[in-house]
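Structure first, commentary second.
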Amino acid sequence: YIQVRDSAQALGEMASAYYDNPSRDLKLVGVTGTHGKTTIATLLYDMFRGLGYKCGLVSTTSYRIDNEFIPSTHTTPDPVRLNEMMSRMVGAGCDYCFMEVSSHSVVQKRIAGLRFAGGIFTNITHDHLDYHGTFAEYIRAKKTFFDGLPRTAFAITNSDDRNGKVMVQNTKAEIKSYSLKSFSDFKCRIMEATPEGMLLELDGEQVWTKFIGRFNALNLTAVYAASLMLGAEKDEVLKVLSTLTPVRGRFETVRSADGITAIIDYAHTPDALKNVIDTINDMRRGGGKLFVVVGCGGDRDRTKRPEMARIAVDGADTSIFTSDNPRSERPEDILADMAQGVTPSNRWLTIPDRGEAIKAAAMMAAPGDIILIAGKGHETYQITGGRTIHFDDREEVGKIFGQSAGGDDGTAQGPGSY
């Protein structure tokens, strides 16, 4: 046997060497942060395919080797599987790989041995404290990724986030910034916003996009910035940007024949839920009501449950608290934790069965109203009592609205995320 100081680090380096260091034959870009990782990584994959390149994708919703779809098990897989997939990307002729880098994967050194061409920081809010223990440790995990970037790489940070500068203060990579509000290298302004999309101004050029919300404006700015840092032509980037469409389960809309709109979103933290609710309230027209269906996962950070409930009740006309992935906990106990954040009123109710909760919201809604179904997004399963059962928010809405769920395009994932 061989004794090493750090077996996790050694495994990553060994896996890279075994597969002939595939990350050195790809332009590998990592995306990290609390929110926006999946959207930015997926849109970069779509962007560079739109520019005519073969690409790989490693994300929460799926792994891709050019056209090949592989169900994902973790946001960032273990180093052996990661290098094996990248080796296959090289064999398939891929030039780029866009990859979500979770805080768990940094701490567990799943990305050890990889050479990155660039890194992107989205934002950071309270999440995964059940694993990291403190917010400071969570920040440190994200920052470690940028600390390890080589001098040949770029590090793009969100200067609108108060921890944006912290992330890159010790990196050796070339630092660039993007923002909506702050001074930055890549600046975006929202010129016009409608329920159908936004007109953005990026570095003085206007482009119409099919996305809604300030958070998506920031995501698109990060995609634009990374594309230019990777050498793409500005005019071509803007052209492809205008054709990109939202990622499944991220502010995904389904409309009924009589004019009720359901929005399915992965928002599962207080900050994400507030951003989505604020975006919906900004675009509401004609006095329509907002119904929010939301839950909290079991065996995860319990401190955010009351806050999630309070944000839902404060932002919606009616909120329904329901099950997310209860895991080993009783759904009723999770709902009781959520109820601690709100006072008794007729503006919220609890329905433990998620399917019934979605039906109840649809029955209460009238034409012109909006139903936000938050927390699970792209997930096609529910983990409860040690069992994993099939459950898809979009399918449930499709049944109620009399539509086929459709549009899956193979982006469902198994019961993993970290």
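Quick notes on this one:
- Modelled this way, with points 7 Å down the Cα-to-C-beta line, the labels at Phe401 and Ser328 are 3.8 nm from one another.
- For the chain, the normalised intensity computed at q = 0.06 Å⁻¹ comes to -0.24 (log10 of I(q)/I(0), Debye sum over alpha carbons, equal scatterers, no solvent).
- Max mean-square fluctuation residue, GNM over the chain, Cα-Cα springs under 10 Å, options Asp393, Asp369, Asp235: Asp235
- When both bridge partners sit in the chain, DSSP labels roughly 40% of those beta bridges antiparallel.
- Whole-percent carbon and sulfur share, accessible surface of the chain, 1.4 Å: 49 percent
- With contacts taken as Cα pairs under 8 Å and at least 6 residues apart, segment 264-346 reaches a relative contact order of 34 percent.
- Residue of Leu228, Leu290, Leu335 that the Gaussian network model of the chain assigns the largest fluctuation, springs spanning Cα pairs under 10 Å: Leu228
- Whole-number percent relative contact order across segment 1-157, with pairs defined as alpha carbons under 8 Å at least 6 apart: 32 percent
- Heavy-atom surface of the chain, accessible at 1.4 Å and reported per residue (Å²): 41 Å²
- Rg and Dmax of segment 1-157, both derived from C-alpha coordinates alone, stand at 14.9, 48 Å.
- Extended-chain gain in nm, criterion 0.36 nm per residue less alpha-carbon gap, Leu349 and Met363: 3.6 nm
- Stokes-Einstein D for segment 94-220, Kirkwood Rh over Cα pairs, 20 °C, 1.002 mPa s (µm²/s): 135 µm²/s
- Pairwise centroid distance, computed over Cα atoms, of segment 323-383 with segment 225-276, Å: 24 Å
- Taking the Cα centre of the chain as reference, the dipole from Cβ charges on Lys and Arg (+1) and Asp and Glu (-1) amounts to some 660 debye.
- Max mean-square fluctuation residue, GNM over the chain, Cα-Cα springs under 10 Å, options Glu196, Glu84, Glu137: Glu196
- Taking all Cα pairs closer than 8 Å and separated by 6 or more residues, the relative contact order of the chain comes to 15 percent.
- If only the Cβ of Lys and Arg carry +1 and only the Cβ of Asp and Glu carry -1, the dipole of segment 1-160 around its Cα centre is close to 260 debye.
- Spin-label model distance (nm) - Ala92 vs Asp6, 7 Å beyond Cα toward Cβ: 3.1 nm
- Gap separating the Cα centres of segment 19-45 and segment 93-123, nearest whole Å: 5 Å
- Magnitude of the charge dipole, segment 83-192, Cβ model with Lys/Arg +1 and Asp/Glu -1, debye to 20: 340 debye
- In the chain the longest region clear of trypsin sites (Lys or Arg not before Pro) that are loop-assigned by DSSP and have at most 10 other C-beta atoms within 10 Å covers 6-150.
- Structure-based [θ]222 nm, the chain - -39500 (n - 2.57) summed over DSSP H runs of at least 4, per residue, nearest 500: -10500 deg cm²/dmol
- Where chymotrypsin sites (Phe, Trp or Tyr not before Pro) fall in DSSP loop in segment 170-243, at most 10 other Cβ within 10 Å: Phe183
- DSSP bridge pairs, segment 233-349: antiparallel proportion in percent, nearest 5: 40 percent
- Bridge type composition, segment 36-154 - antiparallel percent by DSSP, nearest 5: 55 percent
The values are calculated or read from the model by the stated rules, or taken from the named source; none is laboratory data. Keep in mind the model is a prediction, meaning the values are calculated, not measured. Quick reminder, even Gly has a Cβ in these numbers, built from the backbone with ideal geometry, and neighbours come from all protein chains shown. Side chains are part of the model used for accessible areas, which takes the heavy atoms of the whole protein and leaves out ligands, DNA and RNA. Shrake-Rupley method; radii C 1.70, N 1.55, O 1.52, S 1.80 Å.
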